[in-house]
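Undergrad: First the structure, which I've put down as structure tokens, then a few questions once you've had a look.
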Amino acid sequence: MAIGSGLGSQLGLAVESVYGTYVAPTKFTEFTKSGIVLRKQTAQSAGIAANRLMALSSRRVPTTQDAGGSVDLEVVNKGMGPLLQTLMGTSVTPVQQMATAAYLQTHTLADTAGKSLTMQMGVPLTTGTVTDKTYVGCKVISAEFSCEVSGMLTASLEIDAKNCDETQTLAAASYSNMAPFHFGQMGLKTGSFGTETSLDGVRKVSVKIERGMAVDRYYAGANGLKAEPISNDQVKITGSIEMDYVNTTLDDLHTSDGATSLVWEFVGPIIASTYRETFRIVLPAIKVDDAPPSVEGFDVIKPTYSFTALYDGTNLPKIEYMSTDVTL
């Protein structure tokens with residue numbers, strides 16, 4: 001029996017080969033909060049009958065349903081591949097670095113057609129029995145990564161799912177020895193693409209990736225379930241940088257509206273040779289939207305610069321992930 005509280009919950013993942021078709025979870029991800037739930041739409045008959053004061057219970061019908069919500073987690077040094085692939089769109093095979101135990105995943109921005117997950121939540125009753133909430137056809141429609149002084153690198157993912165299937169067998173959770181990326185490993189670089197240099201004074205960074213999708217593709221003959229969401233808007237990547245006012249690098253870019261490449265990375269312990277555990281977001285062109293520094297009292301000036309990532313015409317945004325994962 002499990003602990004009859006959130007302490008007994010679990011989240012398992014599996015990459016689907018067909019959208020909305022269940023695949024038994026093979027990876028289990030630690031998370032801090034999950035809000036994924038079944039969402040049903042119903043219709044109630046409004047027929048008038050003599051002296052009937054209320055609508056009939058038997059005349060309410062479920063018409064369509066799907067599932068969705070947010071999942072918050074810490075970004076760790078193993079097992080992130082399925083989520084990153086579903087967010088970014090590229091079909092990724094980890095590439096072994098020389099003959100070492102280090103494998104590099106490069107998740108370049110692409111369309112996410114055909115990329116979906118089975119996500120199985122184990123939700124405990126107070127008795128210790130863990131109920132199965134299996135969500136199929138899970139698409140990552142947005143993700144926000146954030147890290148600040150003394151904190152972990154966290155991710156908040158917005159999930160859209162085809163359905164909730166409660167008839168599956170709850171998989172037995174098992175966990176590898178995972179470690180989170182954190183502020184002590186964080187670096188931020190700006191400059192020309194490929195030759196970026198470190199930016200000093202950075203205290204907090206956040207990057208949000210939003211994928212506009214048609215998530216309401218309900219058609220006749222589908223038993224009230226939707227077809228796979230498809231892209232219906234340009235990808236929006238925005239973020240913010242909070243720093244002490246130690247230089248005018250970003251301030252000057254705000255003034256000129258010039259573009260710079262941005263590399264936000266976390267470099268951890270050595271896996272083998274010169275290869276280290278790494279999580280890296282590369283945005284080849286960003287423009288600073290606001291705000292220039294202002295004086296608000298006696299303290300050190302701490303501007304927060306918001307930015308928008310754009311396409312430089314050649315290089316696409318990507319997330320690089322170095323780990324010991326041989327496969328996704």
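The values are calculated or read from the model by the stated rules, or taken from the named source; none is laboratory data. A quick note: this is a predicted structure, and the numbers were derived from the prediction, not measured. All Cβ positions, glycine included, derive from the backbone under ideal geometry; neighbour counts span all protein chains shown. To get the accessible areas, we keep the full protein, side chains included, count just its heavy atoms, and leave off ligands, DNA and RNA. Shrake-Rupley method; radii C 1.70, N 1.55, O 1.52, S 1.80 Å.
Undergrad: Taking the stated definitions as given, is G12 in contact (Cβ under 8 Å) with a residue 40 or more places away in the chain, closer than 21 Å to V123 by Cα and open to solvent by less than 60 Å² (accessible area, probe 1.4 Å)?
TA: yes
Undergrad: Moving on. Name every residue in the range 232-262 that is of a type in the set (D, E, K, R), on the phi < 0 side of the Ramachandran plot and touching a residue at least 24 places away in the same chain (Cβ under 8 Å), in order of residue number.
TA: K236, E242, D244, D251
Undergrad: Still on this structure, I have one more. Is there a residue in the range 32-49 that is part of a strand (DSSP E or B) and at positive phi?
TA: Within the range 32-49, not a single residue is part of a strand (DSSP E or B) and at positive phi.
Undergrad: In the range 241-284, which residues are closer than 18 Å to K302 by Cβ, under 26 Å from the mean Cα position of the chain (by Cα) and of a type in the set (D, E)?
TA: E242
A quick yes/no check of all residues on (1) of a type in the set (D, E, K, R); (2) in contact with a strand residue (DSSP E or B) (Cβ under 8 Å, 6 or more places away or on another chain):
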position: M121; (1), (2): no, yes
position: L125; (1), (2): no, yes
position: G128; (1), (2): no, no
position: T131; (1), (2): no, yes
position: F145; (1), (2): no, yes
position: V149; (1), (2): no, yes
position: K162; (1), (2): yes, yes
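Undergrad: Kindly list, by first and then second residue, each pair from a residue in the range 31-54 that is farther than 17 Å from K162 by Cβ and of a type in the set (A, V, I, L, M, F, W, C) to a residue that is open to solvent by less than 50 Å² (accessible area, probe 1.4 Å) and not in a loop (DSSP other than H, G, I, E, B), limited to pairs with Cβ atoms under 8 Å and residues at least 6 apart or on different chains.
TA: Sorted first by the residue in the range 31-54, then by its partner, the pairs are F31/L11; F31/V71; F31/D72; F31/L73.
Undergrad: Got a number for residues in the range 186-226 being of a type in the set (A, V, I, L, M, F, W, C) and free of Cβ contacts under 8 Å to residues at least 24 places away in the same chain?
TA: Of the residues in the range 186-226, 3 are of a type in the set (A, V, I, L, M, F, W, C) and free of Cβ contacts under 8 Å to residues at least 24 places away in the same chain.
Undergrad: While we're here: When Y311 is evaluated against the numbered criteria (1) closer than 16 Å to G191 by Cα; (2) assigned to a loop (DSSP other than H, G, I, E, B); (3) open to solvent by less than 50 Å² (accessible area, probe 1.4 Å), which criterion, by number, is the only one it fails?
TA: Among (1) closer than 16 Å to G191 by Cα; (2) assigned to a loop (DSSP other than H, G, I, E, B); (3) open to solvent by less than 50 Å² (accessible area, probe 1.4 Å), Y311 violates only (3).
Undergrad: Now for a separate question. Taking the criterion of being part of a loop (DSSP other than H, G, I, E, B), surrounded by fewer than 19 Cβ atoms within 10 Å (Cβ to Cβ) and either touching a residue at least 24 places away in the same chain (Cβ under 8 Å) or small (G, A, S) (or both), would at least one residue in the range 273-289 satisfy it?
TA: yes
Undergrad: Here is a further query. Cβ-Cβ under 8 Å, sequence separation 6+ or interchain: first residue in the range 111-132 and in contact (Cβ under 8 Å) with a residue 40 or more places away in the chain, partner among the aromatic types (F, W, Y). Which pairs?
TA: G114/Y19; S116/Y19; T118/Y22; T118/Y135; M119/Y135; Q120/Y135; M121/Y135
Undergrad: Of the numbered conditions (1) touching a Gly at 6+ places or on another chain (Cβ under 7 Å); (2) part of a strand (DSSP E or B), N247 satisfies every one except a single condition; which is it?
TA: (2)
Undergrad: Within the range 7-18, does at least one residue satisfy the condition of being over 30 Å from G114 (Cβ atoms), more than 21 Å from the chain's Cα centre (by Cα) and modelled with pLDDT of 95 or more?
TA: Yes, the range 7-18 has at least one match.
Undergrad: Here's a follow-up. Based on what the data block shows, is E74 acidic (D, E) and farther than 20 Å from K208 by Cβ?
TA: no
Undergrad: A further question follows. Working only within the range 183-202, note down all residues that are at positive phi, in a loop (DSSP other than H, G, I, E, B) and surrounded by fewer than 17 Cβ atoms within 10 Å (Cβ to Cβ).
TA: G194
Undergrad: Quickly run through the range 203-236 and pick out the residues that are of a type in the set (D, E) and assigned to a loop (DSSP other than H, G, I, E, B).
TA: D216, E228, D233
Undergrad: Tell me which residues, restricted to the range 296-310, are under 21 Å from the mean Cα position of the chain (by Cα) and of a type outside the set (S, T, N, Q).
TA: F307, A309, L310
Undergrad: Does the range 292-303 include one or more residues that are open to solvent by less than 30 Å² (accessible area, probe 1.4 Å) and touching a residue at least 60 places away in the same chain (Cβ under 8 Å)?
TA: yes
Undergrad: Can you name the strands (runs of 3 or more DSSP E) wholly within the range 65-180 that have at least 1 residues being modelled with pLDDT of 95 or more, crowded, with 19+ Cβ neighbours inside 10 Å and among the aromatic types (F, W, Y)? I'd like the intermediate steps shown before the answer.
TA: On the way: elements: 103-108, 117-124, 130-148, 154-161, 163-165.
Output list reads 103-108, 130-148.
Undergrad: Still on this model: Within the range 149-165, does at least one residue satisfy the condition of being touching a residue at least 12 places away in the same chain (Cβ under 8 Å), among the charged types (D, E, K, R) and over 27 Å from K236 (Cβ atoms)?
TA: Restricting attention to the range 149-165, the residues satisfying the condition of being touching a residue at least 12 places away in the same chain (Cβ under 8 Å) are 149-165.
Next, only the ones that are among the charged types (D, E, K, R) stay: 158, 160, 162, 165.
Filter once more, keeping what is over 27 Å from K236 (Cβ atoms): 165.
Within the range 149-165 (the criterion being touching a residue at least 12 places away in the same chain (Cβ under 8 Å), among the charged types (D, E, K, R) and over 27 Å from K236 (Cβ atoms)), the answer is yes, since at least one residue qualifies.
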